[in-house]
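S.K.: Next up is a structure, given as structure tokens.
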Amino acid sequence: MWEVRIYYKKGVQDPEGDTTLQGLKMLGFDCAEEVKTAKIFWIRGCDREEVEKICRRFLANTTSQDYEILQL
Amino acid sequence: MADRGETLRLEDVKVLIIRAPGTNCDAETKDAVFDMGARADVVHLNRIIKGNISLEDYHGIILPGGFSFGDMVRSGVILGKLLRYNLKKEFDEFIAEGNPVLGICNGFQALIEADFLPGLDISLALGKNISARFEDRWCHIKRYRGGLFTRSVGELVKIPVANGEGRLILPEGKEEKIYEELGENRQIAFKYATGEGKPAMGSYPENPSGSYGDIAGLTNNAGNVMGMMPHPERAFYRYMYPDWTRDYGKPEGYGDGYYIFKDMLDYIVKKL
């Protein structure tokens, strides 16, 4: 089983993360300094090379997003 | 083969409207083309991939708005990749022949994901709106230089947007260079503006998505492929405007979006 994490690149604004941070502050969680979001896909049945290909071709738009592949 | 003779009349023009599961602006888009006197066929993507329908039989293609494949993964990505990996050759030929392709909202997202726009081996992205909201509002866009789709379009266009992922993102670190390149190539069709026609300068809600450089619509280098986030089919008639009783008087007549379809069809008739 592979875990694929897709998230915005460091320099690209993550509006969902920013809004979550704002919400946390409003709820009194002043400790929160930064929130980033990611989307996770679990994929079974492919080898690592195929998962790489899936990420580059489909799951991530590498102009705005980075991806990580973890073996579970 | 579609008739590409010099005597092509508007009623002979055939426009292909490609739908996928979740597309929901195909009917209005078809009505817009039909209102102008041309024929439009709404065809499911699978019929084209299976070869039941050929792009060659049409004079123009429109990818309408909606939520293809439920906007899963990213808006327009599944449709875009299906086009890229199944129909790239057919699309490349269709575009190289100078035929017009228009992507509206989700259609624009698909053209970006398919890398049919902006061309030049540049890949762009449409990310979540800075507001983190689905932006469903009327806005103003200013016409820049947009090839065949914007010849008779007014300089300032009032038109609605309806998207959650309309923020154009340019490759990191190369933003200014690519932005300049797109400008020099006359590929920026529309930019968000204020009601007075001044640049939105990234301000909200004038630039509703936070799109880079206020870009609302792009074309390819040749100008015959255009993608735009706002919906011209929803500004087709004057009575579609929320304030038509104040600003536009009588309900009959056309809105600003009409001219984008008109320019597309005029181009087909005059070019062929």
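S.K.: Return the residues of the stretch B:154-176 that are within 14 Å of chain A (Cβ to nearest Cβ) and under 23 Å from B:Asn221 (Cα atoms); say none if nothing qualifies.
M.R.: First, pick out the residues of the stretch B:154-176 that are within 14 Å of chain A (Cβ to nearest Cβ): B:163-176.
Correct list: B:Gly166, B:Arg167, B:Leu168, B:Ile169, B:Leu170, B:Pro171, B:Glu172, B:Gly173, B:Lys174, B:Glu175, B:Glu176.
S.K.: For the subset of the stretch A:41-66 comprising residues that are β-branched (Val, Ile, Thr) and assigned to a helix (DSSP H, G or I), which member is surrounded by the most Cβ atoms within 10 Å (Cβ to Cβ)?
M.R.: From the stretch A:41-66, those β-branched (Val, Ile, Thr) are A:43, A:51, A:54, A:62-63; that's our starting set.
Checking the rest, the ones that are also assigned to a helix (DSSP H, G or I) come to A:51, A:54.
Working: A:Val51: 20, A:Ile54: 18.
Only one residue fits best here, namely A:Val51.
S.K.: While we're here: Looking at the stretch B:111-134, I want the residues that are modelled with pLDDT of 95 or more and have a partner that is acidic (Asp, Glu) with Cβ atoms under 7 Å, at least 6 apart or on another chain. Which pairs are those?
M.R.: B:Leu126/B:Glu165; B:Gly127/B:Glu165; B:Lys128/A:Glu16; B:Lys128/B:Glu165; B:Asn129/B:Glu135; B:Asn129/B:Glu165
S.K.: Could you tell me whether any residue of the stretch B:117-128 is in contact with a Gly (Cβ under 9 Å, 6 or more places away or on another chain), within 13 Å of B:Gln187 (Cβ to Cβ) and more than 12 Å from chain A (Cβ to nearest Cβ)? I'd like the intermediate steps shown before the answer.
M.R.: First pass over the stretch B:117-128, keeping only residues in contact with a Gly (Cβ under 9 Å, 6 or more places away or on another chain): B:117-118, B:126-128.
Now restrict to residues that are within 13 Å of B:Gln187 (Cβ to Cβ): B:117-118.
Cutting the leftovers down to more than 12 Å from chain A (Cβ to nearest Cβ) gives us B:117.
Yes, the stretch B:117-128 contains a residue that is in contact with a Gly (Cβ under 9 Å, 6 or more places away or on another chain), within 13 Å of B:Gln187 (Cβ to Cβ) and more than 12 Å from chain A (Cβ to nearest Cβ).
S.K.: Something else: Can you tell me which residues in the stretch B:16-42 are in contact with a Phe, Trp or Tyr (Cβ under 9 Å, 6 or more places away or on another chain) and assigned to a strand (DSSP E or B)?
M.R.: Within the stretch B:16-42, B:Leu16, B:Thr23, B:Ala40, B:Asp41 qualify.
S.K.: Can I ask one more? For the list (1) among the β-branched types (Val, Ile, Thr); (2) within 14 Å of chain A (Cβ to nearest Cβ); (3) assigned to a strand (DSSP E or B), I need the number of the one condition that B:Ile112 fails.
M.R.: Among (1) among the β-branched types (Val, Ile, Thr); (2) within 14 Å of chain A (Cβ to nearest Cβ); (3) assigned to a strand (DSSP E or B), B:Ile112 violates only (3).
S.K.: Oh, and also: If A:Gly11 satisfies all but one of (1) under 19 Å from B:Ile130 (Cα atoms); (2) surrounded by 12 or more Cβ atoms within 10 Å (Cβ to Cβ), what's the number of the condition it fails?
M.R.: (2)
S.K.: Given (1) within 14 Å of chain A (Cβ to nearest Cβ); (2) in contact with a Gly (Cβ under 7 Å, 6 or more places away or on another chain); (3) of a type outside the set (A, V, I, L, M), where does B:Asn106 come up short, assuming only one miss?
M.R.: The number of the failed condition is (1).
S.K.: Same structure again: Does the stretch B:210-231 contain any residue that is on the phi > 0 side of the Ramachandran plot, in a loop (DSSP other than H, G, I, E, B) and buried (at least 22 other Cβ atoms within 10 Å of the Cβ)? Step through it out loud before you land on a result.
M.R.: Within the stretch B:210-231, the subset on the phi > 0 side of the Ramachandran plot is B:210, B:213-214, B:223.
Keeping just the survivors that are in a loop (DSSP other than H, G, I, E, B) gives B:210, B:223.
From what is left, the residues that are buried (at least 22 other Cβ atoms within 10 Å of the Cβ) are B:210.
Among the residues of the stretch B:210-231, at least one is on the phi > 0 side of the Ramachandran plot, in a loop (DSSP other than H, G, I, E, B) and buried (at least 22 other Cβ atoms within 10 Å of the Cβ), which makes the answer yes.
S.K.: Identify, by number, the condition in (1) farther than 16 Å from B:Ile159 by Cα; (2) modelled with pLDDT of 95 or more; (3) in contact with a Lys or Arg (Cβ under 9 Å, 6 or more places away or on another chain); (4) not polar (S, T, N, Q) that B:Pro251 doesn't meet.
M.R.: Only one criterion in (1) farther than 16 Å from B:Ile159 by Cα; (2) modelled with pLDDT of 95 or more; (3) in contact with a Lys or Arg (Cβ under 9 Å, 6 or more places away or on another chain); (4) not polar (S, T, N, Q) is unmet by B:Pro251, namely (2).
S.K.: Of the residues in the stretch B:127-153, how many are assigned to a strand (DSSP E or B) and under 22 Å from B:Ala222 (Cα atoms)? Full working, then the answer.
M.R.: The first filter runs over the stretch B:127-153 and keeps only residues assigned to a strand (DSSP E or B), leaving B:127, B:135-143.
Narrowing further to those that are under 22 Å from B:Ala222 (Cα atoms): B:141-143.
Total satisfying the criteria: 3.
S.K.: Oh, and also: With the requirement that a residue be within 14 Å of another protein chain (Cβ to nearest Cβ) and either surrounded by 23 or more Cβ atoms within 10 Å (Cβ to Cβ) or of a type in the set (S, T, N, Q) (or both), what does the stretch B:183-209 give you?
M.R.: B:Asn207, B:Pro208, B:Ser209
S.K.: Turning to a different aspect of this structure: Of A:Ile6, A:Ile69, which residue is in a strand (DSSP E or B) and surrounded by 17 or more Cβ atoms within 10 Å (Cβ to Cβ)? Steps first, please.
M.R.: Details: A:Ile69 fails: surrounded by 17 or more Cβ atoms within 10 Å (Cβ to Cβ).
Of the residues listed, the single one that is in a strand (DSSP E or B) and surrounded by 17 or more Cβ atoms within 10 Å (Cβ to Cβ) is A:Ile6.
S.K.: Taking into account only those residues within the stretch A:25-59 that are without any contact (Cβ under 8 Å) to a residue 24 or more places away in the chain and within 14 Å of chain B (Cβ to nearest Cβ), which is farthest from B:Ala125 (Cα to Cα)?
M.R.: Filtering first and then ranking leaves A:Val35.
S.K.: For the stretch B:72-84, what are the residues that are surrounded by fewer than 24 Cβ atoms within 10 Å (Cβ to Cβ), more than 8 Å from chain A (Cβ to nearest Cβ) and of a type outside the set (A, V, I, L, M, F, W, C)?
M.R.: B:Arg84
The values are calculated or read from the model by the stated rules, or taken from the named source; none is laboratory data. Values in this document were obtained by computation on a predicted structure and should not be read as measured data. Note that we place each Cβ from the backbone using ideal geometry, even for glycine, and neighbour counts take in every protein chain shown.
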